[in-house]
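**Q** Below is the structure I would like to discuss, written out as structure tokens.
All of the numbers you see were taken from the coordinates with simple rules; none came from a lab. Predicted model only: the values in this text are computed from it and were never measured. Note that each Cβ is placed from the backbone with ideal geometry, even for glycine, and that neighbours are counted across all protein chains shown.
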Amino acid sequence: MIEPLYVVSGFGVGLLVGMTGVGGGSLMTPLLILFFGIHPPTAVGTDLLYAAATKTGGSVAHGWARSIHWPAVIRLASGSIPASILTLVVLWQLDLSGESSRSLVNLVLCFALILTATSLLFRETIIARYRWRLEQLDPRSTMRATVLVGAALGVLVSISSVGAGAVGVTALLLLYPRLPMTRIVGSDIAHAVPLTLVAGIGHWATGAIDWHLLGVLLIGSLPGIVIGSYCAHRVPETALRLVLAATLVLVAGNIASRELYSSFSTLAAFAPTTAH
């Protein structure tokens, strides 16, 4: 009965991604960890290649429609790809145990989910407050800022698989206020493809990929994205963003509470041994 549930989950996530444009990592990774009990590093690695596959189609569609601002994509990638590789190398060198890697992924995932929810809820407020300041930046400063944003996304996405969607869109809206929303979204999707692919290959090298799970998820998600994209203009965007943001906050709270419970349980188990 598990495989049909994976297909349904992939379809549901694809549907929401198609309607909201938010990256599947903020939805799929917590779902795999909390609902299906997948080990967090495996969930992240599998989701990264899942995102690379699903967003390739979106990138091709935006490229065909000429709705990608390639200078922004290149600048983001010039920061995110090296940062992703460096992050993965550091993780390999640390050689974290199963429990340590689980805790690291869960903590970074909670932070990334809260950051994504904040981007969804307060995007207009953030843009209204800071856009006029960023409009004063000269082209060279904008280029440097874009590379730095890409580097931050590279670290965040490589550890948690979350951040390339809502966070990336909000950053691009601030840095490129004169671009239409379609080109902002298209650029964000185009940048996510090489980033998730590189990070996914890095996780593959450590064996943190479940290929069978990846294939089953794609069976459900690809038609879900198509249907979601078709329905995007028929569903109130504000209502969807509020529901999605609330869901991400609840999921982050759930993961954090589980991590705290696990930590306290470990301390409780260790305490008698120490006393003895």
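**Q** If amide H atoms are built 1.01 Å from N in the plane of the peptide, which residues on other chains or at least 5 residues away come under 5 Å of the amide H of Gly165?
**A** Excluding prolines and chain starts, which carry no amide H, the hits are Gly23.
**Q** Which angle from 0 to 90°, rounded to the nearest 10, does the C-alpha axis of helix 40-64 make with the longest principal axis of the chain?
**A** The angle comes out near 10 degrees.
**Q** Quick one: Leu173, Leu260, Leu27, Leu137, fewest Cβ neighbours within 10 Å first, how do they rank?
**A** Details: Leu173 22, Leu260 10, Leu27 26, Leu137 14.
The most exposed by this proxy come first: Leu260, Leu137, Leu173, Leu27.
**Q** Output the direction-averaged projected area (hull surface divided by four) of the convex hull of the alpha-carbon atoms of the range 151-221, in nm². Mind showing how you got there, number by number?
**A** Details: hull surface 21.8 nm².
Its average projected convex-hull area is 5.4 nm².
**Q** Right, next: Determine, for each peptide in 36-48, 210-222, the mean count of other beta carbons within 10 angstrom over its residues, then list the peptides with the highest first.
**A** Numbers: 36-48: 23.0, 210-222: 18.0.
Top of the packing list down: 36-48, 210-222.
**Q** Counting only C-alpha contacts under 8 Å and six or more residues apart, can you give the relative contact order of the range 51-265 as a whole percent?
**A** On the way: 219 pairs, mean separation 84.2, N = 215.
Relative contact order, the range 51-265: 39 percent.
**Q** While we're here: Mind jotting down the three principal axis lengths of the range 1-145 based on Cα atoms? Whole angstrom, largest first.
**A** Computed over the Cα atoms, the extents are 54, 37, 30 Å.
**Q** Let me ask another. Excluding the sites themselves, what is the longest stretch of the chain that contains no trypsin sites (Lys or Arg not before Pro) in a DSSP loop with at most 16 other C-beta atoms within 10 Å? It would help to have the intermediate numbers written out before the result.
**A** Values: sites that count: Arg66, Arg178.
Answer - 67-177.
**Q** Here is a further query. Take the Cα pairs of the range 51-265, get the Kirkwood Rh, then feed it into Stokes-Einstein at 37 °C and 0.692 mPa s and tell me D in µm²/s.
**A** On the way: Rh = 18.4 Å.
D = 178 µm²/s.
**Q** Just rank Phe11, Phe35, fewest to most, by other beta-carbon atoms within 10 angstrom. Before the final figure, lay out each step's value.
**A** Values: Phe11 20, Phe35 10.
With the fewest neighbours first, Phe11, Phe35 line up as Phe35, Phe11.
**Q** Evaluate the distance, in nm, between pseudo-label points positioned 7 Å from the Cα of Thr125 and of Leu260 along their respective Cα→Cβ axes.
**A** 2.3
**Q** Which ³J(HN,Hα) values in Hz, rounded to whole numbers, follow from the phi angles of the range 185-200 under the Karplus curve 6.51 cos²θ - 1.76 cosθ + 1.60, where θ = phi - 60° and Gly and Pro get x?
**A** 5, x, 5, 5, 5, 4, 5, 5, 4, x, 5, 5, 5, 5, 5, x
**Q** At a Förster radius of 30 Å, what calculated FRET efficiency corresponds to the Cβ-Cβ distance of Trp132 and Trp70, to the nearest 0.05?
**A** 0.70
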